[in-house]
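Heads up: the structure comes next, in structure tokens.
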Amino acid sequence: MYTKFAKYTVLCFALIFITGSLLHAQNDQERDPGYIFYKANSLYEAGKYDEAIKIYSELIDKGLESGNLYYNIGNSYFKKGELGRAILNYERANKLIPGDSDLKSNYDFALSKVRNVISVTSVPFLKKVLALYKSFSMNGLTILLSAIYIILLLVLFLFFIVRPGVRHKTIFAACLILFLLLTSYALFDRIHSDNRGAVLISADSDARFEPIEDATVHFTLYEGTKIYVIQQKRDWFKIRRQDGKVGWINKDDVEII
Amino acid sequence: MKFSIAATLIVVSSVMSLLVLSVPVSAADVQFQIFLDRDSIYLGESAQLSIHFEGSTKILAMDVSDLEGFQSRYLGPSTRMSIVNGKMSSSVTHIYSLVPVKTGKFTIGPLSFEHDGDRYTSNKVAIEVLDSAARAGEHSQQKKTHEIQLEDRIFLEMDISKSRLYLNEIAQLHVKLYVNSMSVRDVQYPQYNHEGFSVEDFGKPREYQVNRAGTRYSVLDFQTEIFATKTGEFKLGPASLKANIVTRSNRQIPRSSFNDFFRDGFFGGYESTPIEIASDALTIEALSLPEENRPEDFKGAIGNFQLDVSVSPDKVKAGDPVTLYMIVSGTGNFNAVHSPVIKNKEGFKMYDPQIKLEPNRKVFEQVLIPTDDNIEKLPDILFSYFDTVKGQYKTIVKSNVMLKVSGADKEEITILDPSSIAERPLKKEVLGRDIIYIKESPGDIVIRDQYLYNNPVFLALQLLPLIIFIAGVNFHKKRERLSSDKGYARRLAAPRKAKKGIRQAEEYAQKNMALDFHDAVFRTLRDYLGNRFHVPSGGITAEALDTFLAGKGIDKHILDRLKNIFNECDMVRYAPSGINETKMHNTLREMKEIIDYLERHKDEEVRGKR
């Protein structure tokens, strides 16, 4: 009698333990970013773009991000027909996976759908030089800068040790310093522009001369246009278009990259 | 020593050579003789003729090509020089191989030649040439009385199947080598003139034996096919053939072990003699084909042919291809056989035939596409040729070759012309465009807005290379100063060395070794002061302290204490008994305080200088 009771007790505990473990495992799985990502992918494959975006955004809400995540969100928005948000997410992906060919293809294709693309004919020399760093992500650029800095110190130390041995050492060191400065500027520019870059997410928006509803319209921006935020005042952003034109637009019409 | 012997030998031999070469050949010295290595020989064998000149080695070989009854071949010279009892003699023998071309008795010589204006005449030698056929029974059979030529034993003949040929008519040409009672090897393919004829290469020759006028011959039969390419009368040949006659060697002179090895060692005393024999030419008449009754579809086929025609498949739908097989077989010149002619091409799309040439037949495979669904049979197929046996044209007609063509199912029949397809302009391909599919994996998931540039650990790590750099520079500078500034190096080393000395003095104090203790104290202080002020340590004594430390800013009280220690050390050396352990510890403490003071004073000095 006693033995039978003990047996049932052990069985009950075992069942409780197994059920608890399974529930815990399920909870773990649902918190797993990989699982969430794949879940969203399956929704995308089923053509449920809204739901896919919602699941993808769970990861963003958890304070996580990845280039592929933004890429997939961008694709989902594109399929939904929200060009502005698609380009916005492609821009965000570009910060993390700038060399990705799929991303570049989709970004270019999305841009081709933007009405009235502002083309810039003359690009300043410095911008052209900075474009050489385009394939570096933010962290990649930081590591490059750190590497140049270490190499420069090493070279200077070697020059210090073997003073008369190296010819043209001044020119060599100067080149390294120039490279260091240029990379520093590129990183600075990237940080600065990333904090200011934005994309118009509404269908179209009028940029006005003043941050007032009935102010004169300066120009019109269309969905997906990339702009730079210069200043913020109440519900208004002072923005600069790629061709240099400046105006005030409603804060709700844009989203910071 | 070795060198001198070798040099002597070289000099002697050189002098002797010069002497030999410079000896003038006078007419009286030269003797001219000829020898044969045998006096009888069989047809097919060779004899060796030696023309010997005694008294000179510089006489060149003579031309003996016109010897009656023989073909000659120069084998080479043999020279000899000797010195006997101080008298030098030299000779040269030119050796020839003689191959008899007929039987009989022959006399060679006397030969003559001119040298330096003098004429020399040799002796003469006789040789009998016997019939090789009688050799087997030479002891029993009677000798034949009539003369036998070499040509009777080995000869070449040309033979052709027809001497009157039509243009392009094939004839069999034979070139036969007949050999009797001798061995032949290394037989080469015959060469012959064949202007006006197209000839094939000879195949592998056939070997057989024939009996001809009571004589048995071995025959090597070279066979090929020829046909005339021009009309008229032409000479075919003469054919010539090169071979080696294998003869028994009976060499007597010259003979060496090398000759034995190469001539007799392997082949049992046989040697080969090259020979070139020629046949008579043939006269061939090439006729043109008659114009009379020549069929329209005649394309030059000549011979005796048959034609077989079949089609596969024999039931098709209009538009489907069929293969027509036309096989021409028989005898004749297949090079001149062209595709049979399809009389009526209406209702068919036809492609050029594929041609296969096989032994005694030529196969034509032609793809046809019937375009008419009312076709029941193939159109008539004609093949015309000239029958060389009957001397007239013949035409083979193949009709009633069944081909049932039915209508196409649904699709419209379109016969595509490749040329028009090639010329048709290509429509520009329009490629679709859309976004590329989503990523299957999440990639590197990181915390949002966390970058290396705002990561404090990463930024702190950036200081590390700078610290290493500064430390490295300082270290290098210090090393450089230590190697260049001796005073600095000594000052830097002074407290370290003093510590070592103090430790040693402490050990002596604990062991109550007064003499060693004071010795260590004195040495430590003296070395320290020497290093500290960069002066020679050896000269520092109690009396000299004032001089050494003058102007160094040392407190007088410290100076006095220093002097006391120095004096104490001097005293102990002479009277060590009055020193106990307490006293030694006091002295040690004093020394430590003085060194400590001087070290601190150094820092003040540095600050004062700044």
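The table below gives the values:
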{"quantity": "Filter result for the condition that a residue is within 11 Å of chain B (Cβ to nearest Cβ) and either open to solvent by 80 Å² or more (accessible area, probe 1.4 Å) or touching a residue at least 60 places away in the same chain (Cβ under 8 Å) (or both), over A:Leu152, A:Leu158, A:Leu145, A:Leu178", "calculated": "A:Leu158"}
{"quantity": "Filter pass, A:Ile171 being assigned to a loop (DSSP other than H, G, I, E, B) and loosely packed, with under 15 Cβ neighbours inside 10 Å", "calculated": "no"}
{"quantity": "Hits in region B:304-327 (condition: surrounded by 13 or more Cβ atoms within 10 Å (Cβ to Cβ) and outside any strand (DSSP E or B))", "calculated": "B:Asp314, B:Ala318, B:Gly319, B:Asp320"}
{"quantity": "Tally of residues being closer than 23 Å to A:Ala110 by Cα and either open to solvent by 60 Å² or more (accessible area, probe 1.4 Å) or part of a loop (DSSP other than H, G, I, E, B) (or both) across region A:234-244", "calculated": "5"}
{"quantity": "Residue within region B:548-555 that is in the same structural domain as B:Thr582 (by TED's automatic domain parsing) and farther than 24 Å from B:Arg589 by Cα present", "calculated": "yes"}
{"quantity": "Count of residues meeting criterion [modelled with pLDDT of 80 or more and open to solvent by 60 Å² or more (accessible area, probe 1.4 Å)] in region B:561-591", "calculated": "8"}
{"quantity": "Any chance B:Tyr508 is in the same structural domain as B:Leu492 (by TED's automatic domain parsing) and out of contact with any Leu (no Cβ under 8 Å at 6 or more places or on another chain)", "calculated": "yes"}
{"quantity": "Selection within region B:334-351 - open to solvent by 40 Å² or more (accessible area, probe 1.4 Å) and under 45 Å from the mean Cα position of the chain (by Cα)", "calculated": "B:Asn335"}
{"quantity": "Test set (1) assigned to a loop (DSSP other than H, G, I, E, B); (2) under 24 Å from B:Glu568 (Cα atoms); (3) open to solvent by 80 Å² or more (accessible area, probe 1.4 Å) - B:His534 fails condition number", "calculated": "(2)"}
{"quantity": "So A:Lys4, is it more than 10 Å from every other protein chain (Cβ to nearest Cβ), modelled with pLDDT of 90 or more, farther than 27 Å from B:Gln450 by Cβ and open to solvent by 70 Å² or more (accessible area, probe 1.4 Å)", "calculated": "no"}
{"quantity": "Residue that is nearest to B:Phe334 (Cα to Cα), among those in region B:156-166 that are open to solvent by 40 Å² or more (accessible area, probe 1.4 Å) and assigned to a strand (DSSP E or B)", "calculated": "B:Tyr166"}
{"quantity": "Test for A:Lys104: is it at pLDDT 90 or above, open to solvent by 20 Å² or more (accessible area, probe 1.4 Å), more than 8 Å from every other protein chain (Cβ to nearest Cβ) and over 17 Å from the mean Cα position of the chain (by Cα)", "calculated": "no"}
{"quantity": "Top-ranked residue of region A:36-50 - restricted to ones that are more than 10 Å from chain B (Cβ to nearest Cβ) and of a type outside the set (A, V, I, L, M), ranked as surrounded by the fewest Cβ atoms within 10 Å (Cβ to Cβ)", "calculated": "A:Gly47"}
{"quantity": "Close pairs from region B:507-533: first at positive phi, partner of a type in the set (Asp, Glu) and not in a loop (DSSP other than H, G, I, E, B), Cβ under 9 Å, at least 6 apart", "calculated": "B:Asn512/B:Glu581"}
{"quantity": "Residues of region B:259-280 classified as open to solvent by less than 40 Å² (accessible area, probe 1.4 Å) and modelled with pLDDT of 80 or more, total", "calculated": "3"}
{"quantity": "Residue in region A:107-154 that is farthest from B:Arg433 (Cα to Cα), counting only those that are aromatic (Phe, Trp, Tyr) and at pLDDT below 90", "calculated": "A:Phe125"}
{"quantity": "Residue satisfying condition, being closer than 30 Å to B:Lys230 by Cα, modelled with pLDDT under 85 and open to solvent by less than 40 Å² (accessible area, probe 1.4 Å), within set B:Gly203, B:Gly137", "calculated": "B:Gly203"}
{"quantity": "The listed residue being under 28 Å from B:Phe386 (Cα atoms), out of contact with any His (no Cβ under 6 Å at 6 or more places or on another chain), aliphatic (A, V, I, L, M) and at pLDDT below 85, out of B:Ala286, B:Ala301, B:Ala336", "calculated": "B:Ala336"}
{"quantity": "Residue ID - farthest from A:Ser57 (Cα to Cα), chosen from residues in region B:446-455 that are at the interface with another protein chain (Cβ under 7 Å from one of its Cβ atoms) and out of contact with any Asp or Glu (no Cβ under 7 Å at 6 or more places or on another chain)", "calculated": "B:Tyr453"}
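Conditions (1) in contact (Cβ under 8 Å) with a residue 24 or more places away in the chain; (2) open to solvent by less than 60 Å² (accessible area, probe 1.4 Å), marked per residue:
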{"residue": "B:Pro442", "(1), (2)": "no, yes"}
{"residue": "B:Ile447", "(1), (2)": "no, no"}
{"residue": "B:Asn455", "(1), (2)": "no, yes"}
{"residue": "B:Arg481", "(1), (2)": "no, no"}
{"residue": "B:Lys486", "(1), (2)": "yes, no"}
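So that you can scan it fast, the table gives a plain yes or no per residue for (1) of a type in the set (A, V, I, L, M); (2) open to solvent by 70 Å² or more (accessible area, probe 1.4 Å); (3) touching a residue at least 60 places away in the same chain (Cβ under 8 Å):
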| position | (1), (2), (3) |
| --- | --- |
| B:Gln354 | no, yes, no |
| B:Gln366 | no, no, no |
| B:Asn374 | no, yes, no |
| B:Ser384 | no, no, yes |
| B:Val389 | yes, yes, yes |
| B:Gln392 | no, yes, yes |
| B:Asn400 | no, yes, no |
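Rundown of residues vs (1) within 30 Å of A:Leu178 (Cβ to Cβ); (2) within 11 Å of chain B (Cβ to nearest Cβ); (3) not in a helix (DSSP H, G or I), yes/no style:
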| site | (1), (2), (3) |
| --- | --- |
| A:Ala52 | no, yes, no |
| A:Glu58 | no, no, no |
| A:Asn68 | no, yes, no |
| A:Tyr71 | no, yes, no |
| A:Ser76 | no, yes, no |
| A:Gly84 | no, no, no |
| A:Ile87 | no, no, no |
| A:Lys95 | yes, yes, no |
| A:Gly99 | yes, no, yes |
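The values are calculated or read from the model by the stated rules, or taken from the named source; none is laboratory data. Keep in mind the model is a prediction, meaning the values are calculated, not measured. Positions of Cβ are backbone-derived with ideal geometry, glycine not excepted, and every protein chain shown enters the neighbour counts. Side chains are part of the model used for accessible areas, which takes the heavy atoms of the whole protein and leaves out ligands, DNA and RNA. Shrake-Rupley method; radii C 1.70, N 1.55, O 1.52, S 1.80 Å.
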